[in-house]
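The values are calculated or read from the model by the stated rules, or taken from the named source; none is laboratory data. These figures come from a predicted structure and were not determined experimentally. Every residue, glycine as well, gets a Cβ built from its backbone with ideal geometry; the counts of neighbours run over all protein chains shown. SASA here: full protein model, heavy atoms, side chains in, ligands and nucleic acids out. Shrake-Rupley method; radii C 1.70, N 1.55, O 1.52, S 1.80 Å.
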Amino acid sequence: MSFISSSEKASLTLPSDQDASGRTLGEEEILLLREVIESGTLTSTKGSMVSNLEQRFGALLGSKHAYACASGTAAIHCAVAAIDPEPGDEIVTSAITDMGAITPILYQGAIPVFADVDSRTGNLTTEAIEQCLSERTRAIIVTNLFGNPADMVAIMELANARGVHVIEDCAQAYLTGVNGRLVGTLGSIGCFSLQQGKHITTGEGGLVVTDDEELARRVRLFINKAWGYGDAKPDHYFLALNYRMNELQGAVALAQLEKLDYSVSQRQLMAVRLNKSLEGLEGIETPYVADGAAHSYWKYCLWVDGAKVPGGPVALGAKLKDQNIATAPRYIQKPAFQCAVLRDQRTFGNSRFPFTLARPEAVDYSPEKFPGTFEFLDRVLVLPWNERYEEQHVDYLANRIVSQHRLLTQTEVAAQ
Ligand SMILES: Cc1ncc(COP(=O)(O)O)c(C=O)c1O
């Protein structure tokens, strides 16, 4: 028996952020790229695209300093290196994030200490962070997952009281706010990604913002092999890499920045429509957004209760796949601490450094310490989403979710 009526049979291909259908790239990017090519200056040390991008992004966020770099991973690396932890110092973070937000901690000789998350949002909770703080904590990296802000007011209160830096990972959270203030500007440093599938893209790229003069100086240096450009007696002041963005990327990013507002507001508009269409579906919750917070919907996630929807997000995802809709149950297959690099401490040769310096409690990854993390992964279903979704796409998605949900839940009733 099928619950899809004949009017629903036509399949629609949803816009994809992996190609032109789901990206907003066009003449504006080509014009600036042409300018760079014709100038013959492809390096940002001499050109003006990247410096313009930095200036405009800083102005947009109201940050004193903004720097472009090679990727979101590089942005996090710059932030950690700017804080300059001693080997074995700890950085509290989430296990539900991209590995690019974690490996920079290890490269800087520090220990990632995982705190549990809110099972509805996948964001760190203040209570869980507090339990992980120790004498050795130097920073907290807060991911605003999918564009939904973490509880930044309470987290900042805690961090300020304990004298710990907060790095905001906004790779997925452009122009998202709490109480009217933008994430990325609330902590010591904000980091963004311009990777292919983000709100705006230049293929690969990153941005870092801060108001702190000393952190800004170190971020700028870290991007540039710590060479003191413009100083009276420049030197390579400390261990650092070449994380520069080039002018070609800068040109595309500069054009993309003009489209950021559109990207965020279109995603938000369509999310409101989808929320309404899915209201009241037994066992399915639409994204939870805290009072005072604004969600910028990098991705739109459903929270699926396997007790009410047989097979949970995995079964619903499989049904949607049959309908030509590629979803991601679990988002990431396992929490970061179960990935080989962390689980087996595979770092530099056979040294296991810096894990050799870790307190045993800091690297205890017993599942019972992370109930919210596992519950979130068991329940989340990430829907494909981008700024090119229009009403017809959202309605198609909603229609298919409702019909497949009905199939799953009514099969169960029939079997009883
Ligand atoms: C939350 C988060 N942090 C960091 C990164 C790393 O960014 P990139 O892929 O640009 O290196 C990503 C990107 O995928 C991300 O989603």
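Can you tell me the orientation of helix 247-257 relative to the chain, as the angle in degrees between its alpha-carbon axis and the longest Cα principal axis, to the nearest 10? The angle comes out near 50 degrees.
When S48, S16 are compared by accessible area of protein heavy atoms, the largest-first order is S48, S16, using a 1.4 Å probe.
Amide hydrogen proximity for V113: with H placed 1.01 Å from N in the peptide plane, the residues at 5 or more positions away or on another chain lying under 5 Å are I91, V92, T93. Calculated from the alpha-carbon coordinates, the chain shows an Rg and a Dmax of 22.2, 81 Å respectively. If the segment from E28 to S11 were pulled out straight at 0.36 nm per residue, it would be longer than the present Cα-Cα gap by 2.9 nm. Modelled label positions at R217 and V402, each set 7 Å beyond Cα in the direction of Cβ, lie 6.1 nm from each other. Working from Cα pairs under 8 Å separated by at least six residues, relative contact order for the chain is 22 percent.
Dipole check for segment 151-265: with +1 at the C-beta of Lys and Arg, -1 at the C-beta of Asp and Glu, and the Cα centre as origin, the magnitude is about 240 Debye.
For segment 265-416, a simple Cβ point-charge model (Lys and Arg +1, Asp and Glu -1, everything else neutral) yields a dipole of about 500 debye relative to the Cα centre.
Taking M99, M156 and ordering them by how much accessible surface each has at a 1.4 Å probe, largest first, produces M99, M156.
Summing +1 for each Lys or Arg and -1 for each Asp or Glu, what net charge is found among the other residues whose Cβ lies under 9 Å from the Cβ of A95?
That sum, taken over residues with Cβ under 9 Å, equals 0.
With the cut-off at 23 Å, tell me which of the pairs K299/K369; K225/K299; K259/K299; K198/K276; K259/K334; K198/K369 have Cα atoms farther apart than that. Flagged as over cut-off: K299/K369; K225/K299; K198/K276; K259/K334; K198/K369. Backbone geometry of segment 19-28 corresponds, through the Karplus equation with coefficients 6.51, -1.76 and 1.60 at θ = phi - 60°, to 3J(HN,Hα) couplings of 8, 4, 4, x, 10, 10, 10, x, 4, 4 Hz, x marking Gly and Pro. Remark: accessible surface ordering of D118, D378 (largest first) is D378, D118, probe radius 1.4 Å.
Gap in Å between the Cα centre of segment 132-189 and the Cα centre of segment 197-270? Centre-to-centre distance over Cα atoms comes out at 19 Å.
A crude spin-label estimate for the pair E368 and K64, with each label 7 Å from Cα along the Cβ direction, gives 4.8 nm.
Let me have the 222 nm mean residue ellipticity of the chain computed from DSSP H runs of 4+ only, each contributing -39500 (n - 2.57), with the sum over all residues rounded to the nearest 500. Provide the component values of the computation, followed by the final result.
Working: 13 runs with 150 residues, N = 416.
Value at 222 nm, helices only, nearest 500: -11000 deg cm²/dmol.
DSSP finds beta bridges in segment 76-154, and of those with both partners inside it, around 10 percent are antiparallel. Largest first and in whole Å, the equivalent-ellipsoid semi-axes of segment 226-351 read 41, 26, 14, each the square root of five times a Cα gyration tensor eigenvalue.
Length, then width, then depth: along the principal axes, the Cα atoms of segment 322-384 run 49, 27, 13 Å. Accessible surface of R346, taken over heavy atoms with a 1.4 Å probe and every protein chain present, rounds to 140 Å².
Rounded to the nearest 5, what % of the DSSP beta bridges within the chain are antiparallel ones? Intermediate values should be presented prior to the final figure.
On the way: 24 of 40 bridges.
In the chain, approximately 60 percent of DSSP beta bridges are antiparallel ones.
Label positions at D305 and N160, each projected 7 Å from the Cα along the C-beta direction, are separated by 3.8 nm.
Extension gain for the segment S277 to E127, taken as residue separation times 0.36 nm less the Cα-Cα distance, is 50.6 nm to one decimal. With 0.36 nm allotted per residue and the present C-alpha distance subtracted, the A20-E38 stretch has 4.0 nm of extension available. Between 0 and 90 degrees, the angle of helix 213-223 with respect to the longest Cα principal axis of the chain falls at about 80 degrees.
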